[in-house]
Amino acid sequence: MSTDKAATCFFGTVLAALCVLLTLIVLTADADQAQPPDQSEKPGSEQPAEVSVESVDFDPLKGASTVVLRSRTDNRTLTVVVGESEGLAIRSKLLGRQPARPMTHDLLKTIIGKLGATVVKVTVTGLRAGTYYAEIVLRCGEKTLTIDARPSDSIALAVRVGCPIYVAPGLLEEPEGAPPRRPQPRAPSSRDLKDAI
């Protein structure tokens with residue numbers, strides 16, 4: 001019974017989050033709010049780097065997954081520790097596994113689409129007190145909405161909708177002793193991911 005209660009509690013939390021997202025979309029779709037200037041457009045400022053999901057590994061001892069994001073233009077990577085279920089959501093989509101019923105991120109993708117919105121991009125925006133932060137950028141009509149989110153949920157949604165994933169300047173690190181790497185213009189295939197996992 002405790003598993004059923006935990007699943008019900010988790011599902012309730014997810015539904016509440018979806019309701020908040022839907023409310024934000026509906027309320028801001030008609031609002032005439034001026035968007036703040038994009039700080040990344042300042043001359044001389046470093047732009048976020050586009051990345052791809054290189055690997056998703058599960059550590060049974062920690063009960064968590066590790067997601068490695070790699071820059072599409074150089075050797076730099078970012079490793080993010082995510083929950084087991086979020087890691088599974090990312091990994092299963094990259095491997096082309098389709099669940100019998102929609103999982104949370106599949107449901108979120110469907111709801112966004114039914115509302116006429118599209119996911120433009122997701123960005124891992126920063127690291128504060130040991131926690132990574134991310135944003136999901138949605139377009140709904142002529143409005144652009146930026147939603148605060150966890151990197152794990154952002155990545156899981158991005159791999160479902162096929163939008164770009166970015167990492168803010170300063171978060172990517174060069175692996176020690178890594179040989180130079182050529183730019184990678186394509187997303188990893190299922191075979192690449194199976195080899196990495």
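The values are calculated or read from the model by the stated rules, or taken from the named source; none is laboratory data. Treat the numbers as computed from the prediction; the structure is a model and nothing was measured. Don't worry about glycine lacking a Cβ; one is built from the backbone with ideal geometry, like all the others, and counts go over all protein chains shown.
A few comments on the model shown:
- When residues of region 109-126 are limited to those that are more than 11 Å from Ala158 (Cβ to Cβ) and touching a residue at least 12 places away in the same chain (Cβ under 8 Å), the one surrounded by the fewest Cβ atoms within 10 Å (Cβ to Cβ): Gly116
- Those residues of region 127-145 which are over 16 Å from the mean Cα position of the chain (by Cα) and either at positive phi or buried (at least 16 other Cβ atoms within 10 Å of the Cβ) (or both), in sequence order: Ala129, Gly130, Cys140, Gly141, Lys143
- Matching residues, region 99-108, being surrounded by 10 or more Cβ atoms within 10 Å (Cβ to Cβ) and free of Cβ contacts under 8 Å to residues at least 60 places away in the same chain: Pro99, Pro102, Met103, His105, Asp106
- Here Lys121 clears all of (1) in contact with a Ser or Thr (Cβ under 7 Å, 6 or more places away or on another chain); (2) under 19 Å from Leu172 (Cβ atoms) except the condition numbered (1).
- Condition check for Ser45: within 19 Å of Thr125 (Cα to Cα), modelled with pLDDT under 95, in a loop (DSSP other than H, G, I, E, B) and not hydrophobic (A, V, I, L, M, F, W, C): yes
- Any hit, region 70-79, residues being in contact with a helix residue (DSSP H, G or I) (Cβ under 7 Å, 6 or more places away or on another chain) and aliphatic (A, V, I, L, M): no
- Pairs, first closer than 17 Å to Glu54 by Cβ in region 79-97, second among the basic types (Lys, Arg) and modelled with pLDDT under 90, C-beta under 7 Å, six or more apart: Leu95/Lys194
- Selected residue [at pLDDT below 90, farther than 24 Å from Leu127 by Cα and assigned to a loop (DSSP other than H, G, I, E, B)] from Ala31, Ala16: Ala31
- Among the residues making up region 142-194, those that are under 22 Å from Glu84 (Cβ atoms), at pLDDT below 90 and either in a loop (DSSP other than H, G, I, E, B) or not aliphatic (A, V, I, L, M) (or both) are Pro188, Ser190, Lys194.
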